[in-house]
Each structure stands twice: as C-alpha cells, then as structure tokens.
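See below for the structure under consideration.
The values are calculated or read from the model by the stated rules, or taken from the named source; none is laboratory data. Since this is a predicted model, take the numbers as computed values, not measurements. Here the Cβ positions follow ideal geometry from the backbone for every residue, glycine too, while neighbour counts run over all protein chains shown.
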Amino acid sequence: MPACPSPAEHPELIPLCADHLAVAAEAHGSVAGVADALPEPCRLCGSRLGVRFATGRSCAVCEWPYGEHPDGELPPPRVDVVYYLRWADQVKIGTTANPRQRFTAIRHEEVLAFERGDRRLEQRRHREFAEERGGSSEWFAASDRLLAHIDVLAGGVDPWDRWRRWVAEATATR
C-alpha cells in the first residue's frame with residue numbers, strides 16, 4: 001500500500017490520512033454494518049434502531065430484516081417470564097407465557113419488571129424472598145431488598161418494551 005498523501009490527524013490512534021480512514025470505515029461498514037435509524041419502526045419489535053448493510057437493513061434489537069412481514073399464520077413463540085406486579089405495598093412474583101392475558105385476572109396497580117424464566121426461577125425467587133412472603137401466597141411485602149432486586153431487573157426499561165423484544169427475538173430465531 002502506498003504511503004498516505006497527507007498526514008494523519010491522529011497518528012497515535014490510527015496512522016491513516018482522512019481519505020484512507022474513510023475507505024477503511026466504509027469497508028468495515030460493508031462487512032459489520034453501520035448503525036442507522038430505520039425509516040419506520042421494526043414490524044416485529046417496534047424498535048427504530050437499525051443496522052445498514054450493502055444488502056439491506058435489519059433491526060438492531062431483534063435482527064428482523066427491515067421491510068419483511070412476520071408470518072401471521074405462525075403461532076407466537078412461547079416466552080416464559082417471571083413477573084413482578086405491585087398492588088399498594090405488596091409485590092406479586094408469578095410466572096406466565098402470556099402476561100397480558102394473565103394480568104387481566106390479577107388485581108394490580110403496576111407492572112414492575114419481567115425476568116426471563118419459568119416455574120423453577122419463580123420458585124427460586126419465592127425462596128429468595130421468603131422473609132417478605134405473606135403466608136403461602138405469591139404476594140410479598142415490598143421490602144427495600146425486594147425493590148432493589150426489581151430495580152436491577154428493570155434497569156430503567158419499560159417492562160413491556162423488554163417483553164416485546166424477547167418475543168421478537170424468539171420469533172426471528174425460529
């Protein structure tokens with residue numbers, strides 16, 4: 001490779017001139033993709049974050065090819081979650097594969113968090129927070145320890161956004 005015609009701006013980082021650096025970035029982007037906003041939300045998960053390749057775009061969250069329609073004839077994938085619901089100063093720890101349907105039967109004020117897992121994880125959480133448990137029910141006192149656990153799980157993300165992402169990922173990998 002011939003020497004660069006002009007000096008690099010930051011030779012201590014990458015010893016390439018601006019023109020060669022642009023060529024290298026373009027070459028890398030053609031292989032690894034370039035982060036880019038999608039023109040419209042992903043049809044699978046609703047994200048606007050995308051990755052642009054020479055061959056097209058895909059969703060950066062669930063990797064669904066941009067513009068493709070999910071097959072409506074396929075049943076939705078099963079995504080088991082442990083959920084945390086609040087009612088007053090109580091938290092219910094339960095599990096379901098269909099939270100919207102399940103929550104219609106449970107009186108609650110707020111969905112606090114989802115955690116991927118099935119009955120085994122739910123039972124582990126029940127043992128973990130046994131001191132806060134109200135009798136033999138799935139309702140627990142909203143202690144600082146339990147709320148701190150829920151805050152870590154939620155991570156500042158809307159639980160329903162996380163649920164949609166998991167379903168989209170499971171659909172995309174089928």
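Below, the figures for the structure above:
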| quantity | calculated |
| --- | --- |
| Filter result (hydrophobic (A, V, I, L, M, F, W, C), surrounded by fewer than 14 Cβ atoms within 10 Å (Cβ to Cβ) and part of a loop (DSSP other than H, G, I, E, B)) within segment 26-67 | 54 |
| Segment 1-25 - residue that is surrounded by 15 or more Cβ atoms within 10 Å (Cβ to Cβ) and at pLDDT 75 or above and, of those, nearest to residue 72 (Cα to Cα) | 21 |
| Extreme residue, surrounded by the fewest Cβ atoms within 10 Å (Cβ to Cβ), among residues of segment 133-161 that are of a type in the set (Val, Ile, Thr) and farther than 30 Å from residue 72 by Cβ | 152 |
| Positions within segment 25-71 being over 25 Å from residue 160 (Cβ atoms) and in contact with a Pro (Cβ under 7 Å, 6 or more places away or on another chain), in sequence order | 56 |
| Segment 98-114 residues that are closer than 20 Å to residue 156 by Cα and in contact (Cβ under 8 Å) with a residue 40 or more places away in the chain, paired with ones that are aromatic (Phe, Trp, Tyr) and assigned to a loop (DSSP other than H, G, I, E, B) (beta carbon under 9 Å, 6 or more apart) | none |
| Residues satisfying the stated conditions in segment 97-111, i.e. surrounded by 12 or more Cβ atoms within 10 Å (Cβ to Cβ) and basic (Lys, Arg) | 102 |
| Failed item, numbered, when residue 94 is tested on (1) of a type outside the set (D, E, K, R); (2) more than 30 Å from residue 38 (Cβ to Cβ); (3) within 21 Å of the chain's Cα centre (by Cα); (4) surrounded by fewer than 18 Cβ atoms within 10 Å (Cβ to Cβ) | (4) |
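Results for (1) part of a strand (DSSP E or B); (2) crowded, with 18+ Cβ neighbours inside 10 Å; (3) within 21 Å of the chain's Cα centre (by Cα), shown as yes or no for each residue.
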| position | (1), (2), (3) |
| --- | --- |
| 69 | no, no, yes |
| 79 | no, yes, yes |
| 113 | yes, yes, yes |
| 125 | no, yes, no |
| 131 | no, no, no |
| 163 | no, yes, yes |
| 168 | no, yes, yes |
